[in-house]
1. Answer yes or no: is there a residue in the range A:77-84 that is outside any helix (DSSP H, G or I), more than 7 Å from chain B (Cβ to nearest Cβ), more than 30 Å from A:GLY320 (Cα to Cα) and not acidic (Asp, Glu).
2. Scan A:PHE109, A:PHE93 and give me the residue that is touching a residue at least 60 places away in the same chain (Cβ under 8 Å) and either under 15 Å from the mean Cα position of the chain (by Cα) or more than 7 Å from every other protein chain (Cβ to nearest Cβ) (or both).
3. Mind listing whichever residues of the range A:266-280 are assigned to a helix (DSSP H, G or I) and either at pLDDT 85 or above or farther than 26 Å from A:ALA100 by Cα (or both)?
4. May I ask you to verify whether A:SER253 is buried (at least 24 other Cβ atoms within 10 Å of the Cβ) and either within 23 Å of B:PRO29 (Cα to Cα) or within 19 Å of the chain's Cα centre (by Cα) (or both)?
5. Taking the conditions exactly as written (surrounded by fewer than 22 Cβ atoms within 10 Å (Cβ to Cβ), modelled with pLDDT of 90 or more and not basic (Lys, Arg)), does A:ALA75 satisfy them or not?
6. Would you confirm, using the coordinates I've provided, whether A:VAL63 is at the interface with chain B (Cβ under 8 Å from one of its Cβ atoms) and modelled with pLDDT under 90?
7. Quick test of your reading of the structure: A:ILE44 fulfils all but one of (1) buried (at least 17 other Cβ atoms within 10 Å of the Cβ); (2) at pLDDT below 90; (3) within 28 Å of A:PHE115 (Cβ to Cβ). Name the failing condition by number.
8. Of A:ASP417, A:ASP378, A:ASP405, which residue is in contact with a Phe, Trp or Tyr (Cβ under 8 Å, 6 or more places away or on another chain), among the charged types (D, E, K, R) and at pLDDT 85 or above?
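The values are calculated or read from the model by the stated rules, or taken from the named source; none is laboratory data. Keep in mind it's a predicted model, so treat the numbers as computed, not measured. In this analysis, Cβ positions are derived from the backbone assuming ideal geometry, glycine residues included, and neighbour counts consider all displayed protein chains.
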Amino acid sequence: MISANLSAVFYLISGILFILALRGLSSPDTSRQGNYFGIAGMIIAIVVSFLSVENFSTSLAYVIIFLIIGGTIGAFIAFKIPMTAMPELVAGFHSLVGLAAVFVAIAAFLNPEAFNLGDLGNIKLASLIEMSIGAAVGAITFSGSIIAFLKLRGLMSGSPITFSGQHLLNLILGLGIFVLIFYLCKTQSENIFWTVIAISFLVGILLIIPIGGADMPVVISMLNSYSGWAAAGIGFTLENTALIITGALVGSSGAILSYIMCKAMNRSFVSVILGGFGADNSSGNTKEKKDQKPVKNGNAEDAAFLMKNASSVIIVPGYGMAVAQAQHALREMVDKLKKNDIKVTYAIHPVAGRMPGHMNVLLAEANVPYDEVFELEDINNDFANSDVAFVIGANDVTNPVAKTDPKSPIFGMPVLDVEKCKSVLFVKRSLSPGYAGIDNELFYKDNTLMLFADAKKMTEDIVKNLD
Amino acid sequence: MEIDPFIFRLSIFILSIFIGYYVVWSVTPSLHTPLMSVTNAISSVIIVGAIIAALAGSLENTFNSSSIFGLLAIVLAAVNIFGGFLVTQRMLQMYKKKKAKK
């Protein structure tokens, strides 16, 4: 057993290692080293937690067994999961952090002596507040992430679920949690503690169901942030520096990602949270779509011809590429083009895909060098000087309407200036509007050739035609 | 008059938010997915609370309701720790291969 001061120092070290882990992600070269720092920090924290317990009871064996069970499941998932499923994996992991926070809070509530927080029924006031906040945020993270997981996995419709009085209900429940925590502090009642947790589970569900599929990048980032705040709440309860530091880091990281995602969609955080986006717009649009404008329809042969005669091609990937798993075929196509001395780059919109950086990971998986992949602001001026834009699975992020029509729901959203290219190849399964529920003007431009097909199949056909 | 230790913890918390703010802004956008998976993994450091709770069972009473919740939390957090770090590693490895090929 080591002294409380010594273990506090070790927890501080592991907190610092976690900071270095995030710091490493500033460039791909230092990122792997960063990950090792993170692992080292975790090992230190776990070892110290074992050493800080006064007398090992027989439960030690069980602790190790449960650790191994969890670790094996985690390792199995990590190796098996396809890269296209990263968004739902991350959502699933968030739910586990949330539930773990709830369990730790319950454990601390039921046995406060183990954590030096007072006695059962007579817990220190500050600790009681901290643990109930930690438990409430953890419970919201858990049930919210489960809903996000179900939506991303397609087990639940991605369209928003709204009903009248929804926001009022959420507000009342939210205030109810605070009132209950107040009474919990007065009465130390176990039943109130359970009620707080139950209501928080409900709030988590209600918060996420009105948010549509296209807003998932914001939701995941937000839940990421929540899981951090839950950890911090528990950290205050347990008086543990490593947990407080980590909670703050994760909390601010998720908040920044949410901010970046909102900015990329030109939407306020509040409007995303209130949800309903994509539901009301799409209904109005189906009527409008009745008068079909002419589109130019092409096939793989035309596409191959166009690209072969180009000197520069910009690829614009989106969620459709992930769904069709087309990233490997795409890379093959690009290799062929490069052999013909055609310059190929990739343009990534911040909200392409279902989570921040989703497209980058898929392209990395397909062995695309990361220095050929550019973010919106770095490549947007290049479209005007390029011959072909190959849009695969993206839609709303290329819609010129965002720049021209102040009435459009996506007006003001930064978009890729795809239409400035000499010609645009648009791989899409149908003319249906994207998640924002609005028609894309790009479909009807003279220089746009629509390639109606599954993204993967079309790309493979183009590869054949490039020979 | 002595300062409440809570204030020290609050100071650590606030300063860490600032550190997080500056560190995360410097993360390159192409690594935002690994950022999420690694923050996921490190937030599972909550396992330390679970371990302390699980080990707190007395000799005659290995399992009390508190230690059972501790053990359950250990499983959840362990899934996250191993899953989170390994999947991050797997992703970051993919960013390396291309560099070597170039």
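1. no
2. Going through A:PHE109, A:PHE93 in turn, just one is touching a residue at least 60 places away in the same chain (Cβ under 8 Å) and either under 15 Å from the mean Cα position of the chain (by Cα) or more than 7 Å from every other protein chain (Cβ to nearest Cβ) (or both): A:PHE109.
3. Hits for the range A:266-280 are A:PHE269, A:VAL270, A:SER271, A:VAL272, A:LEU274, A:ALA279, A:ASP280.
4. The answer is yes for A:SER253.
5. Against the criterion (surrounded by fewer than 22 Cβ atoms within 10 Å (Cβ to Cβ), modelled with pLDDT of 90 or more and not basic (Lys, Arg)), A:ALA75 qualifies.
6. Here the answer is yes, as A:VAL63 does meet what is asked.
7. (2)
8. Being in contact with a Phe, Trp or Tyr (Cβ under 8 Å, 6 or more places away or on another chain), among the charged types (D, E, K, R) and at pLDDT 85 or above holds for just one of A:ASP417, A:ASP378, A:ASP405, which is A:ASP417.
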